[in-house]
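The values are calculated or read from the model by the stated rules, or taken from the named source; none is laboratory data. Every value quoted in this text rests on a predicted model; they were computed, and no experiment measured them. Please note: Cβ atoms are built from the backbone with ideal geometry, for glycine as well, and neighbour counts cover all protein chains shown. The accessibility values were calculated without ligands, DNA or RNA, using every heavy atom of the protein model including side chains. Shrake-Rupley method; radii C 1.70, N 1.55, O 1.52, S 1.80 Å.
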Amino acid sequence: MSKIVCWDYGHGSSAELAASAAICTALMFAGRVLLVNEESAGKGVEAGVGSRSGSRYAGGSTDSASPVAESGMDALLRLAANQRLSKGNFQDYTYPAIAGKLDLVPGFSPEGRQEREIAERNGSLSLLYSVAEEAYDSVFTRSDASELREPERAPYREGKEMHFPVLRQNRLELERFFEEYRERNREITFADGILLHHYDPASHWTAGNIKRRFGCKLPIYGIPYSTEFMDAWNNGNILKHIRLSSLIHRKGKPKDGPLDGLSKFCLGLYEMAGRKPGLLRSEKGA
């Protein structure tokens, strides 16, 4: 499956949904999943995973000799720049969020923040993702709208990527998006679908009404608000929360809330990529 990029207009919701979609994909389907943090270690897509408790990176010493310097974006970009990054050694510089299923690339150490701009210029970031797509079945990350507006800043963005804006049921934000979509989608793939964060099905601005109002043919996935979900994210327990929610659903209780929307989104990703997903784990033995 292609690289999946969730992006937003600066409110940060794309980090929550990129990480959660990666977790759901790893739990639902066969194959290996990678979650990449292009921001500082412990922030972005890492913030809700709780991996900062691990000694390998994030939240510990910021000394250049700390574990964060030996794994994650810092280490991977150095290997890519030296032409030493390969499918065989990529996993050695990641954090195993779900053993054998989901790996996380920790973000930059404080000393490594400038490496991203250098990597964009010298092609190391492009190489990092090329190798990642060889080593993993799915690659998730987040971005913001500014990088999509200026594709020359990110030469690794190619046709294999799928882009999903994370929007709110906000008229001005939706108008802004559809205006930009009509202008920019001829130059780049500005969006392959839409994620509505904190979705309220009782609002007048439902997915169906949005489609009709803006003549939208893109798939729209509503991700409802959940206090438990947001508490789990803020407490760094989103992986445990999604796992427990999945177990409850397997026992026959009806799906609702964010997990239902995320599950539909993950299924949609496979359909858009033209691939047949592996057997759902919840269906084994059914």
How far, in nm, would the chain grow between residue 144 and residue 186 when pulled straight, counting 0.36 nm per residue and subtracting the alpha carbon separation? 13.2 nm
Additional length obtainable on full extension of the chain from residue 43 to residue 202, 0.36 nm per residue less Cα span: 54.0 nm
Would you mind pulling out the separation of the Cα centroids of the stretch 202-227 and the stretch 97-143, in Å? 31 Å
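If the chain between residue 91 and residue 171 were fully stretched, how many nm would it gain, using 0.36 nm times the residue separation less the Cα-Cα distance? Don't skip to the end; give the middle numbers.
On the way: separation 80, 0.36 × 80 = 28.80 nm, distance 4.26 nm.
Computed gain between residue 91 and residue 171 is 24.5 nm.
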In this structure, the FRET efficiency calculated for residue 234 and residue 83 from their beta-carbon separation, with R0 = 41 Å, to the nearest 0.05, is 0.50
With a 1.4 Å probe and every protein chain left in place, tell me how much accessible area residue 206 has, in Å² to the nearest 10. 30 Å²
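Take each of the peptides 78-84, 44-50, average the number of other beta-carbon atoms within 10 Å over its residues, and list them starting from the highest. Mind dumping the intermediate values first?
Working: 78-84: 15.0, 44-50: 24.4.
Per-residue Cβ counts within 10 Å, averaged per peptide and sorted highest first, yield 44-50, 78-84.
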